[in-house]
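The block underneath contains the structure these notes are about, expressed in structure tokens.
The values are calculated or read from the model by the stated rules, or taken from the named source; none is laboratory data. This is a predicted model, so every value here is computed, not measured. Heads up, the Cβs are rebuilt from the backbone with ideal geometry, glycines too, and the neighbour counts pull from every protein chain shown.
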DNA sequence: CAGCTGACAGATATTGAAATCTGTCAGCCG
DNA sequence: CGGCTGACAGATTTCAATATCTGTCAGCTG
């Protein structure tokens, strides 16, 4: 807000961009707005990010990475594979549902950003399925699960729960039945994985 | 096109509306266009459908019903439950993917219509899960499947395959990996249902 | 001289006036 | 008399003029 005199860094630009996106929404947030918030000319912003699209993608990546990190703790926990899988899926659903419910406008903003993102979303999804793969590998090793190919199984689990983590289904997460529907899908999946 | 002199019926209006939607798309299709195509005044259309929204919903319902009918044959076929389930899911995916691939504009049109629809889509989904429920009930009866509550299981199966029939995932149906991903999800689900 | 500025060209978005559309209804026609 | 028409009010959409934005770069400044 008040033009700080610290050196202009990519990090500061990303913070200002998040703030501008939060205030103006994805359609009206401009590079000029970001520069104004930082008290610099918009030319300076282009010194750190080649295009507006690159700036938006960097903000998106930061946001996605925060989710990945929160979940990786559960994936790496020291518990039986089935509990970890259930907790991980529940945590993913919960995080998404909370974000969508608490601040719908901000969530809509990031939904637009992820839709226009080039590689950031793909990498994020690859990261999440890698976490799932680790859980299923552990379960296969200790005899809980029987998966010929843990990576394929992880992909199937991820896609079978798409309704509970993909933004395009956000509208349905608020319905009272959502919790029971989620439980039914997870039960079906876990039974499908068991040895 | 050429103003026919047959009596104006709801059916004829629906056909003309489909044609206008196909030509102009959902954003530009107007009631006046439909009336013009039929060679009548737009006031006459309002004699058969109270609002433009009701007219659009009726067209949507017709379109959805055609899908339901095509699938109900498979659901009622005289074969073992697991084959019927696999065929039914494959037929659903195939029908959707073909529609989206063959005429993307028309598919986009109907995606808009279903998104704005009030009850028609809900009824269609209820119809499809009812078909699934019948298959799973049959499988439970003959010992193939073990489902405490076939209706709940059917809902879970339907939602676990959402990625392969919900229009909001249409973009992903064209990717080469889609077929293998579908197979993996169906295998996981079928294993989860088995006794 | 490294980093920032601000003017610029072409692309995109906003605005408000004019055109079109939705939904109604009094009256016409067969 | 039942069904259709066409004019109408208010809402929505279109269109073109205007303003703003993106991305570049020559030159300023500390």
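Values computed for the structure shown
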quantity	calculated
Yes/no for residue A:191 being in contact with a strand residue (DSSP E or B) (Cβ under 9 Å, 6 or more places away or on another chain) and facing chain B (nearest Cβ under 7 Å)	yes
Search result, residues across region B:49-70 that are surrounded by 12 or more Cβ atoms within 10 Å (Cβ to Cβ) and away from DNA strand C (no atom under 11 Å from the Cβ)	B:57, B:58, B:59, B:60, B:61, B:62, B:63, B:64, B:65, B:67, B:68, B:70
Given (1) in a helix (DSSP H, G or I); (2) within 28 Å of residue A:165 (Cβ to Cβ); (3) more than 8 Å from DNA strand D (Cβ to nearest atom), number of the condition residue A:55 does not satisfy	(3)
Neighbours by Cβ (under 7 Å, 6+ apart or cross-chain): first from region B:1-15, within 14 Å of chain A (Cβ to nearest Cβ) and closer than 15 Å to residue B:43 by Cα; second modelled with pLDDT of 85 or more and away from DNA strand C (no atom under 15 Å from the Cβ)	none
Residue match in region B:18-26 (condition: over 20 Å from residue B:115 (Cα atoms) and either at pLDDT 95 or above or in the same structural domain as residue B:110 (by TED's automatic domain parsing) (or both))	no
Yes/no for residue B:170 being out of contact with any helix residue (DSSP H, G or I) (no Cβ under 8 Å at 6 or more places or on another chain), within 11 Å of another protein chain (Cβ to nearest Cβ) and closer than 26 Å to residue B:104 by Cα	no
Among (1) away from every other protein chain (no Cβ under 12 Å); (2) buried (at least 16 other Cβ atoms within 10 Å of the Cβ); (3) in contact (Cβ under 8 Å) with a residue 24 or more places away in the chain, the one test that residue A:161 misses	(1)
Hey, residue B:79 in the same structural domain as residue B:103 (by TED's automatic domain parsing), within 30 Å of residue B:153 (Cα to Cα) and outside any helix (DSSP H, G or I) or not	yes
Test: residue in region A:32-41 that is closer than 22 Å to residue A:111 by Cα and either near DNA strand C (Cβ under 10 Å from one of its atoms) or out of contact with any helix residue (DSSP H, G or I) (no Cβ under 9 Å at 6 or more places or on another chain) (or both)	no
Listing of helices (runs of 4 or more DSSP H) fully contained in region B:104-182 that carry 1 or more residues being touching a strand residue (DSSP E or B) at 6+ places or on another chain (Cβ under 7 Å) and modelled with pLDDT of 95 or more	B:120-141
Check on residue B:73, under 30 Å from residue B:190 (Cα atoms), away from every other protein chain (no Cβ under 14 Å) and more than 14 Å from DNA strand C (Cβ to nearest atom)	yes
